[in-house]
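J.: First the structure, which I've put down as structure tokens, then a few questions once you've had a look.
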Amino acid sequence: MITADQALARLKSGNERFKNNMLDLSASACGARRDEIVQRQEPFAIILGCSDSRVPAEIVFDQGLGDLFVIRVAGNIVAPSLLGSVEFSAVTHGARLVVVLGHTQCGAIQATVNELKKPSDNQSPNLQSIVSRIKPSVHTLLEAGLHSDEESLIKLATRANIRASVAHLRYGSQVLEELVANDGLQVVGAEYNLETSVVDFFDHHDNIITTIEH
């Protein structure tokens, strides 16, 4: 089993290759690799990322078939089915690293900011369910007086939302909480920068993830 630190190092190296235009997916997508994973999968990391088409985790981290267990949803939020998906891979596949991957210029964050500044009367209830999970992170920043500086608001809200999802994964599941306490599971926040192609990992230091309270 790959440890969380080893998995994190592997993701960082892959993102470095991606940033430097040195992608090499051929080995991990060849016929032999496809045959190898027919009967079983052993992803070394779980990625809960945003659905944004510009942030495909396998490419951003230069990984191939069977390497990552990827869950994507607008705004990289945590809902019951998404939490269950993380639990499934952590228990079934033994992955010991979970990365909540947000990104700059996130449409779900912008939609939430717009909704808080000017509530809509006819928003889809399905979209509203996503916005409602992001709202607490944005609302706190608005209360701090960032109404007029929307650029800063979006940047800070993106990180706050990532941290909220990290906290939800760590403390919203008995299964994951026990794996963190007893079996080496780590949950890490990360932000992909669309302008630089760099993934910035945060809330990770000496194998300890900073506790983020809701």
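J.: Out of the range 80-123, which residues are without any contact (Cβ under 8 Å) to a residue 12 or more places away in the chain and not aromatic (Phe, Trp, Tyr)? Quick ask: steps written out before the conclusion?
T.: Filtering the range 80-123 for residues without any contact (Cβ under 8 Å) to a residue 12 or more places away in the chain gives 80-81, 84, 88, 92, 114, 118-123.
Those that are without any contact (Cβ under 8 Å) to a residue 12 or more places away in the chain and not aromatic (Phe, Trp, Tyr): 80, 81, 84, 92, 114, 118, 119, 120, 121, 122, 123.
J.: Any idea which residue in the range 28-81 is surrounded by the most Cβ atoms within 10 Å (Cβ to Cβ), counting only those that are under 25 Å from residue 198 (Cα atoms) and of a type in the set (S, T, N, Q)?
T.: The initial filter retains those residues of the range 28-81 that are under 25 Å from residue 198 (Cα atoms), namely 28-29, 43-78.
So of that shortlist, the ones also of a type in the set (S, T, N, Q) come out as 28, 51, 53, 63, 76.
Details: 28: 18, 51: 15, 53: 6, 63: 23, 76: 34.
Going through the qualifying residues, I end up with 76.
J.: In addition: Pick out the one residue from 113, 55 that is modelled with pLDDT of 95 or more and not aromatic (Phe, Trp, Tyr).
T.: Working: 113 fails: modelled with pLDDT of 95 or more.
None of the others qualify; the one that does is 55.
J.: Could you check the range 29-67 and list, in sequence order, the residues that are outside any loop (DSSP other than H, G, I, E, B) and either closer than 15 Å to residue 188 by Cα or not aliphatic (A, V, I, L, M) (or both)? Can you show your working first?
T.: So in the range 29-67, the residues outside any loop (DSSP other than H, G, I, E, B) come out as 29, 31-36, 45-49, 57-60.
The answer is 31, 33, 34, 35, 36, 45, 46, 47, 48, 49, 57, 58.
J.: Does any residue of the range 117-137 turn out to be closer than 20 Å to residue 190 by Cα, among the hydroxyl-bearing types (Ser, Thr, Tyr) and at pLDDT 95 or above?
T.: No, the range 117-137 contains no residue that is closer than 20 Å to residue 190 by Cα, among the hydroxyl-bearing types (Ser, Thr, Tyr) and at pLDDT 95 or above.
J.: Quickly run through the range 169-190 and pick out the residues that are assigned to a helix (DSSP H, G or I) and not basic (Lys, Arg). Walk me through it before giving the result.
T.: Within the range 169-190, the subset assigned to a helix (DSSP H, G or I) is 169-171, 174-182.
Across the range 169-190, the qualifying residues are 169, 171, 174, 175, 176, 177, 178, 179, 180, 181, 182.
J.: Also, I was wondering about something else. Within the range 59-79, can you find the residues that are of a type in the set (A, V, I, L, M) and touching a residue at least 40 places away in the same chain (Cβ under 8 Å)? Explain how you work it out, then say what you get.
T.: First, pick out the residues of the range 59-79 that are of a type in the set (A, V, I, L, M): 59-60, 65, 68, 70-71, 73-74, 77-79.
If the condition is that a residue be of a type in the set (A, V, I, L, M) and touching a residue at least 40 places away in the same chain (Cβ under 8 Å), then 59, 60, 73, 74, 77, 78, 79 are the ones that fit.
J.: Residue by residue through the range 182-202, note down the ones that are of a type in the set (Gly, Ala, Ser) and either more than 16 Å from residue 53 (Cα to Cα) or touching a strand residue (DSSP E or B) at 6+ places or on another chain (Cβ under 7 Å) (or both). If you could, list the steps in order and put the result at the bottom.
T.: Start the filter on the range 182-202 by keeping residues that are of a type in the set (Gly, Ala, Ser), which leaves 184, 189-190, 197.
Passing the criteria: 184, 189, 190.
For every residue, the table says whether it meets (1) within 21 Å of residue 194 (Cα to Cα); (2) of a type outside the set (Gly, Ala, Ser); (3) touching a Lys or Arg at 6+ places or on another chain (Cβ under 6 Å); (4) crowded, with 16+ Cβ neighbours inside 10 Å.
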residue: 83; (1), (2), (3), (4): no, yes, no, yes
residue: 86; (1), (2), (3), (4): no, yes, no, yes
residue: 99; (1), (2), (3), (4): yes, yes, no, yes
residue: 104; (1), (2), (3), (4): yes, yes, no, yes
residue: 108; (1), (2), (3), (4): yes, no, no, yes
residue: 115; (1), (2), (3), (4): no, yes, no, yes
residue: 120; (1), (2), (3), (4): no, no, no, no
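J.: For the range 10-45: of the residues being of a type in the set (Asp, Glu) and under 14 Å from residue 62 (Cβ atoms), which is modelled with the lowest pLDDT? Spell out the reasoning first.
T.: So in the range 10-45, the residues of a type in the set (Asp, Glu) come out as 16, 24, 35-36, 42.
Applying the additional criterion that residues be under 14 Å from residue 62 (Cβ atoms) yields 16, 24.
Numbers: 16: 97, 24: 76.
Looking at residues that are of a type in the set (Asp, Glu) and under 14 Å from residue 62 (Cβ atoms), I get 24.
J.: Okay, next question. Which of the residues spanning the range 129-146 are surrounded by 13 or more Cβ atoms within 10 Å (Cβ to Cβ) and among the polar types (S, T, N, Q)?
T.: Within the range 129-146, 132, 137, 140 meet the criteria.
J.: Pick from 169, 176: which is touching an Asp or Glu at 6+ places or on another chain (Cβ under 8 Å) and farther than 22 Å from residue 105 by Cβ?
T.: On the way: 169 fails: touching an Asp or Glu at 6+ places or on another chain (Cβ under 8 Å).
None of the other options fit; the residue is 176.
The values are calculated or read from the model by the stated rules, or taken from the named source; none is laboratory data. Quantities reported herein were computed from a predicted structural model and do not represent experimental measurements. Cβ: placed from backbone, ideal geometry, glycine included. Neighbour counts: every protein chain shown.
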